[in-house]
1. Restricting to the stretch 108-127, give me the number of residues that are among the hydroxyl-bearing types (Ser, Thr, Tyr) and within 20 Å of Ala98 (Cβ to Cβ).
2. Considering only residues that are of a type in the set (Phe, Trp, Tyr) and not in a helix (DSSP H, G or I), look in the stretch 28-74 and name the one that is farthest from His16 (Cα to Cα).
3. Looking at the stretch 127-140, I want the residues that are in the same structural domain as Ala98 (by TED's automatic domain parsing) and at pLDDT 80 or above and have a partner that is part of a loop (DSSP other than H, G, I, E, B) and surrounded by 12 or more Cβ atoms within 10 Å (Cβ to Cβ) with Cβ atoms under 7 Å, at least 6 apart or on another chain. Which pairs are those?
4. Checking Ala71 against (1) in contact with a strand residue (DSSP E or B) (Cβ under 7 Å, 6 or more places away or on another chain); (2) in the same structural domain as Gly21 (by TED's automatic domain parsing); (3) of a type in the set (A, V, I, L, M), which test does it fail?
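The values are calculated or read from the model by the stated rules, or taken from the named source; none is laboratory data. Computed from a predicted model, the values in this text were never measured in an experiment. Here the Cβ positions follow ideal geometry from the backbone for every residue, glycine too, while neighbour counts run over all protein chains shown.
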Amino acid sequence: MITAWSKSIKQFLANHLIWAGVGVTILYWIIETADDAFLFHMGGFAERLFPMDLNEISMRVSVCCLFILFAAYADRAIAKMKALHAERETLHKDLERALAKALNGYIRVCSWCNRVQESTGSWMHIETYVEKHTPAQFTHGICPKCLKDGVL
């Protein structure tokens, strides 16, 4: 039961770092008070919890504000990273779908003229078919074997 409770607190703090900053701020304030009261013998714990010295109060408040500001900054940075990660995952899935869709399965090619039959039933040149279904483009040349055989 304690582990479930601690997991829920960890999850809450991971999703809301500003509250982690507030918690660290309270912890800092208590540690600073205990430090003054017990190590430096500057009075009792209760009277040091809210000191009357203006410099001491301004220093503690400044440090606490920095904790909270850092937590807010970290919260925003983590939220942006999560959004970018989700966007990257979406783009990755889209890319996988596009690659799977590009050219797969059997392609019906005429063994005489090398035209390709589309799913609609029409026939087209293989170059046109590949350019239509992929980002590839064709350029033409003569291979060394055909050049040697005297095609020209």
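1. Residues in the stretch 108-127 being among the hydroxyl-bearing types (Ser, Thr, Tyr) and within 20 Å of Ala98 (Cβ to Cβ): 1 in total.
2. Among those that are of a type in the set (Phe, Trp, Tyr) and not in a helix (DSSP H, G or I), it is Phe40.
3. Going by the 7 Å Cβ cut-off, there are no qualifying pairs.
4. Every condition holds for Ala71 apart from (1).
For every residue, the table says whether it meets (1) assigned by TED's automatic domain parsing to the domain that holds Ala72; (2) of a type in the set (A, V, I, L, M, F, W, C); (3) under 30 Å from Arg76 (Cα atoms).
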site: Leu17; (1), (2), (3): yes, yes, yes
site: Gly23; (1), (2), (3): yes, no, yes
site: Leu27; (1), (2), (3): yes, yes, yes
site: Asp36; (1), (2), (3): yes, no, no
site: Phe40; (1), (2), (3): yes, yes, no
site: Ala46; (1), (2), (3): yes, yes, no
site: Glu56; (1), (2), (3): yes, no, no
